[in-house]
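Have a look at the structure below before the remarks.
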Amino acid sequence: MTKSAELFERAQELIPGGVNSPVRAFNSVGGTPVFFDHAKGAYAWSADGDKYIDYCGSWGPLILGHAREEVLTAVNETAAKGMSFGTCTELEITLAEQIIKMIPSVDKVRLVNSGTEATMTALRLARGVTGRNKVIKFAGCYHGHADSFLVAAGSGLLTAGISSSAGVPDKVVEDIHLVPYNDLASVKEIVDNLGDDLAAIIVEPIAGNMGLIEPLDGFLQGLKDLTQSCGALLIFDEVINGFRLGPTTYGQSIGIEADITTLGKIIGGGMPIGAFVAKKEIMDHLSPLGDVYQAGTLSGNPVAVATGLKTLQILEAESPYGEIDRLGAKLEADTRESLASIGAHIKRLGGVFTLFFAKGPLTNLDDVQGCDFDRFKDFYHKMLAAGIYLPPSQYECAFISAAHTEADVDVLIAAINAYTP
Ligand code: PLP
């Protein structure tokens, strides 16, 4: 028995399903989850001592790779001064300044502890500002696990094969209107019907939780126009996208400003953090200034803030995006032919990619659900055997980081090209 298998047995006695987040359980690919022991740069070593090139990157935060020296120094120096104070600190201001410098269209930042908290609070804020309740959400988009969002959500919910969650009162999801991603005509119809009742449209401007699905031309601008026309707010959930394709948000880079943007993952550099940002007219509705309540014992935790700050500073100074994109483009180009021959393709933006076992193009959740999931399972385990760690689900994105070299990507290319079902 492998050490990972032994650990998984122990874990299952003590932790539901053996995991603290469902998709880690390998349910959609089968087999035993690989337990990681340590990692550095682009590589991770399992509890069994096996080395993997890691293309999961902790599900996205590690755009600089694992355990980068300057980031570790920031963690250690900050932790040595005290793990948490529950008071105001200068570091929080510095991180807010850094985020606003990189997203000039926003005025204020509120830090929370996870992407889930960010989206949950962004929705409360949108409802508080507008005094309305109804929300439009897209099938296959995942916005964390707050009750309101567990309607046809992506990521782990898709992997588990359920479209919603027990324990969520019908009343909570009653106000959530579900639309296929990229279907602007349906959004318009609902907006016309709801009129003054619509509080917000929430969307991943690039969808990353049903695998990587791009917005069609005009989709995001259409959402912006519709929200403006009825006085609702547009929420861009950039927990995955933020600082991913360039040193800013996706919305800022394409010139479509959401009213509220949610952030997470990269802005914590691997530590638990989330944030939401907006103009001050919106943010000042938050307590203690306004009547929309939000709080957190560990919000703005100095160690998490220092990790995120150092990560953003490095991204700004080094701008690794061009090189990450070059490696992503090479991966896409050098596998296109062999994948086409087995009815598969890579969808990619920058260093974010999903290998879909479908011919494509895919534009929404229904399309993705037509993929060959058995083939993905088989592929996944062959990649593991070749020393390549991908996120264990067809519904997820993989990430090339600044720590991956061309040689690392060549190993992935060779493994993909050698794959035979
Ligand atoms: N929003 C998006 C787009 C996400 O991808 C995720 C997590 O993957 C979340 C929100 C929730 O973030 P967290 O897992 O930090 O709660």
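Values quoted throughout were computed directly from the atomic coordinates according to the rules given, and no laboratory measurement underlies them. The structure displayed is predicted, hence computed values, not measured ones. Here the Cβ positions follow ideal geometry from the backbone for every residue, glycine too, while neighbour counts run over all protein chains shown.
Only Lys, Arg, Asp and Glu count, each charged at its Cβ (+1, +1, -1, -1), so figure out the dipole size of the chain about its Cα centre, rounded to 20 debye. Intermediate values should be presented prior to the final figure.
Values: 32 positive and 51 negative charges, 64 e Å.
So the magnitude is around 300 debye.
Quick one: in segment 285-421, what % of C-alpha pairs are over 19 Å apart?
Numbers: 5630 of 9316 pairs.
Above the 19 Å cut-off, segment 285-421 has 60 percent of its Cα pairs.
Per the Kirkwood treatment, what hydrodynamic radius in Å, one decimal, follows for segment 139-268 from the mean inverse distance over all distinct Cα pairs?
On the way: mean 1/r = 0.0658 Å⁻¹.
Answer for segment 139-268: a Kirkwood hydrodynamic radius of 15.2 Å.
For the chain, what's the relative contact order in percent, using C-alpha pairs closer than 8 Å and at least 6 residues apart?
Working: 838 pairs, mean separation 95.7, N = 421.
After rounding, I find 23 percent.
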Item to check | Scattering curve values for segment 1-65, log₁₀ I(q)/I(0), Debye with Cα scatterers, q = 0.12, 0.16, 0.21, 0.26 Å⁻¹ | outcome: -0.32, -0.57, -0.94, -1.22
Item to check | Label zone at I15 (point 7 Å along Cα-to-Cβ), backbone N below 19 Å, segment 229-271 | outcome: 270-271
Next on the checklist: With unit charges on the beta carbons (Lys and Arg positive, Asp and Glu negative) and the dipole taken about the Cα centre of the chain, which residue among Y55, G370, T335 sits farthest to the positive side?
Outcome noted: Y55
Item to check | Residues whose placed amide H lies under 5 Å from that of Y181, excluding near-sequence neighbours | outcome: A139, L365
Next on the checklist: Restricted to Cα positions, what overall size does segment 160-225 have along the principal axes? Three whole-Å values, descending.
Outcome noted: 37, 33, 15
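Just to be sure I follow: if Rg is taken over the C-alpha atoms of segment 197-302 and Rh is the Kirkwood radius over the same atoms, what is Rg/Rh? If you can, show how the numbers build up before the last one.
On the way: Rg = 14.6 Å, Rh = 14.9 Å.
Rg/Rh for segment 197-302 comes to 0.98.
Suppose every Lys and Arg Cβ carries +1 and every Asp and Glu Cβ carries -1, with no other charges. What dipole size does segment 126-276 come out with about its Cα centre, to the nearest 20 debye?
Working: 9 positive and 17 negative charges, 75 e Å.
The calculation lands at about 360 debye.
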Next on the checklist: Could you tell me the center-to-center distance, by alpha carbons, between segment 343-421 and segment 231-299 in angstrom?
Outcome noted: 29 Å
Checklist entry - Taking K101 as the anchor, which lysines have their alpha carbon closer than 20 Å to its alpha carbon, excluding any fewer than eight residues away along the same chain? => result K265, K279, K280, K310
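Kirkwood hydrodynamic radius (Cα pairs, Å) of the chain?
Working: mean 1/r = 0.0455 Å⁻¹.
Taking the inverse mean of 1/r over all distinct Cα pairs, the chain comes out at 22.0 Å.
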Checklist entry - Counting only residues 5 or more places away or on other chains, whose amide H sits under 5 Å from the amide H of G343 once H atoms are built in the peptide plane? => result none
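Remind me, what semi-axes does segment 1-127 give for its equivalent ellipsoid, largest first in whole Å, using sqrt of 5 times each Cα gyration tensor eigenvalue? Before the final figure, lay out the partial values.
Values: eigenvalues 226, 83, 48 Å².
Equivalent ellipsoid of segment 1-127: 34, 20, 16 Å, largest first.
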Checklist entry - Which of the aspartates and glutamates could a cross-linker bridge to K81, judged by Cα under 16 Å and excluding same-chain residues fewer than eight apart? => result E90, E92
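Exposed loop chymotrypsin sites (Phe, Trp or Tyr not before Pro) only (DSSP loop, at most 14 other Cβ atoms within 10 Å): please give the longest stretch of the chain free of them, not including the sites.
Details: sites that count: F85, Y293.
With a cap of 14 other Cβ atoms within 10 Å, the longest stretch comes to 86-292.
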Checklist outcome for this item: In the chain, taking the dipole from +1 charges on Lys and Arg beta carbons and -1 charges on Asp and Glu beta carbons about the Cα centre, the listed residue (P391, H345, I190) farthest towards the positive end is P391
Item to check | Spatially proximal lysines relative to K377 (Cα-Cα < 26 Å; intrachain offsets below 8 disregarded) | outcome: K3, K51, K330, K347, K359
